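Data first, discussion second: the structure below is written as structure tokens.
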There are 2 protein chains.
Amino acid sequence: MRCKSCESCFQDYYADTCKQCHEHHKAKVAFLGATHPASFSDVVLFASDDEASGPVPAHKAVLVSRSPVFRAMFENEMEESLSGTIKIGEVSNRTLGAFVNYLYTAEVRLDQQFSCFLFVMAEKYQVQHLKDYCQKFLVANLNWDNSLSTYTLAHRHNAKQIIDAALIVITDNMDKLTSGKEYAKLKEKDPLSLQTFFIFLCAHGFFYVLQ
Amino acid sequence: MRCKSCESCFQDYYADTCKQCHEHHKAKVAFLGATHPASFSDVVLFASDDEASGPVPAHKAVLVSRSPVFRAMFENEMEESLSGTIKIGEVSNRTLGAFVNYLYTAEVRLDQQFSCFLFVMAEKYQVQHLKDYCQKFLVANLNWDNSLSTYTLAHRHNAKQIIDAALIVITDNMDKLTSGKEYAKLKEKDPLSLQTFFIFLCAHGFFYVLQ
């Protein structure tokens, strides 16, 4: 049997929602996700490092309810709260727009690179729902080609679920990986992360000669 | 097999959502429904006919996205939009509070009377999602005891689905109904509605002698 939401096959014993309830939940998501960020907004966000950046309008009430970081920012009347402008560093305008849109709709179309960017934003602003969503995407789309960069990202943000999944792919493809371009690039750009990775591998019983 | 959402039994061919997607949809509803009406609100609603009424805070952006009536009110800069206070007549403070809460969470605990009050609010402010929800509740809870009053409400608001369901219950229980208190009360309070009802019955082939 096929699930209408994710299109994957499932055994009957996995199915636990009737058609009516499924439609009811979908309608609720559409109803609740209809608020538009630009409608009567009381705050704007800027991607401060992106020259092409335009203002991304939003509502304090929505930001506060989705992120404990925004909650602290606004409830403690920090500068951002008083000015009504929040500058967000180290992010592109496209990522910021998608991040804010997610806070309103719980929807985003991910690809490998975009899921990394949004994972970092979700981690920074502690939006657990988006973090889980990106995490699932990254784990489901792991392959030997992206395993090292995904591992590095996960290691930096202490995402155990991704680390574990990436390690399995990496140890299964060690020979291919250490002779590839990505490994050479990582060795040059982020040697500390690679070193920690090899120490981790040794500690868990995978013995490998450092290149 | 039992549906985890509504607790009703369903045949396997009705099930079309896997466990993971069901949890995913539920989490989305919780994520999107977390905005609190009182957090950084920019408008308050009052039940003007209820002496016990206190202010019910809300956000223009949320009201506008859920109801075309509020959209017209705020986008045309009517008095309510400028003053930030909306007076709502013919409603209790409790109903108004539950109505606003529904706009934020898509959740409400209904009983027979409350579903009638909220149905009227949903109709007045054209909140189709809540109207459908109350309609389903009223149809599911129809019995000969409440069928006449439910029919009268539905007739006043042209709710075809409820009218059809109530008519079936009424015609099946005509003898009991016309000798009951509710019928006598309705005949006194709303004779026009009863008259239309009997004309409707005759037009549809149910012949009955007017009492």
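Remarks
- Charge context of A:GLU123, other residues only, Cβ under 15 angstrom, K/R +1, D/E -1: +4
- Each residue of the range B:28-33 was assigned a 3J(HN,Hα) from its phi angle through the Karplus curve 6.51 cos²θ - 1.76 cosθ + 1.60 (θ = phi - 60°); the sequence is 4, 4, 5, 4, 6, x Hz, with glycine and proline shown as x.
- Structural descriptor for the range B:61-154: relative contact order 25 percent, calculated from alpha carbon pairs under 8 angstrom and at least 6 residues apart.
- Rounded to the nearest 10 Å², the accessible area of A:ASP111 at probe 1.4 Å: 70
- Shape analysis of the protein assembly as shown yields a ratio of the Cα radius of gyration to the Kirkwood radius, Rg/Rh, of 1.10.
- With one equal scatterer per alpha carbon and no solvent term, the Debye-computed log10 I(q)/I(0) for the range B:81-143 at 0.15, 0.16, 0.19, 0.29 1/Å reads -0.45, -0.50, -0.69, -1.39.
- Whole-Å semi-axes of the ellipsoid equivalent to the range B:99-199 (Cα gyration tensor, √5λ, descending): 26, 13, 11
- Percentage relative contact order, chain B, counting C-alpha pairs under 8 Å, at least six apart: 13
- Expected-Rg normalisation [2.2 N^0.38 Å, Cα atoms] applied to the range A:38-135: 1.00
- Longest to shortest principal axis, alpha-carbon extents of chain B, angstrom: 60, 51, 29
- The range B:30-132, accessible surface, carbon-and-sulfur percent (1.4 angstrom probe): 50
- Within the protein assembly as shown: Cβ-based charge dipole about Cα centre, in debye rounded to nearest 20 (Lys, Arg +1; Asp, Glu -1): 580
- Copies compared at B:GLU77 - label distances in nm, ascending, label defined 7 Å from Cα in the Cβ direction: 3.0
- For peptide B:38-46, the mean count of partner chain Cβ atoms within 10 Å of a residue's Cβ comes to 3.
- Cβ-placed point charges (K, R +1; D, E -1), dipole of the range B:47-201 about Cα centre in debye, nearest 20: 200
- Shielding by partners - mean other protein chain Cβ count within 10 Å, residues of A:63-70: 3
- ³J(HN,Hα), Karplus 6.51/-1.76/1.60, whole Hz, each residue of the range B:69-80, x for Gly, Pro: 6, 5, 4, 5, 4, 7, 6, 9, 6, 6, 3, 4
- Helical contribution to [θ] at 222 nm, DSSP H n ≥ 4, -39,500 (n - 2.57), averaged over the protein assembly as shown, rounded to 500: -17500 deg cm²/dmol
- Peptide B:99-108 has a mean shielding of 2, counted as Cβ atoms of other protein chains within 10 Å of each residue's Cβ.
- Farthest positive-ward along the range B:48-172 dipole, Cα basis, beta-carbon charges - from B:HIS129, B:ASN158, B:GLY84: B:HIS129
- Under-5 Å amide H pairs with A:GLU90, H placed in peptide plane, nonlocal only: A:ASP49
- Across the range A:29-107, the relative contact order, built from alpha-carbon pairs under 8 Å that are at least six residues apart, equals 42 percent.
- When the surface is traced with a 1.4 Å probe over the full set of protein chains, A:GLU75 keeps roughly 110 Å² accessible.
- For the protein assembly as shown, share of DSSP beta bridges that run antiparallel, in % to the nearest 5: 60
- Pseudo-label separations to other copies for A:PHE198 - Cα-to-Cβ vector, 7 Å, nm: 9.6
- Charge tally around B:VAL108: other residues with Cβ under 15 Å, Lys/Arg +1 each, Asp/Glu -1 each, net +3.
- Dimensions in Å of the range B:19-63 - Rg and Dmax from alpha carbons: 15.6, 48
- Pseudo-label separations to other copies for A:VAL44 - Cα-to-Cβ vector, 7 Å, nm: 3.0
The values are calculated or read from the model by the stated rules, or taken from the named source; none is laboratory data. Being a predicted model, the structure only gives us computed values, none of them experimental. Cβ: placed from backbone, ideal geometry, glycine included. Neighbour counts: every protein chain shown. Areas reflect the complete protein model, heavy atoms only, side chains present, ligands, DNA and RNA absent. Shrake-Rupley method; radii C 1.70, N 1.55, O 1.52, S 1.80 Å.
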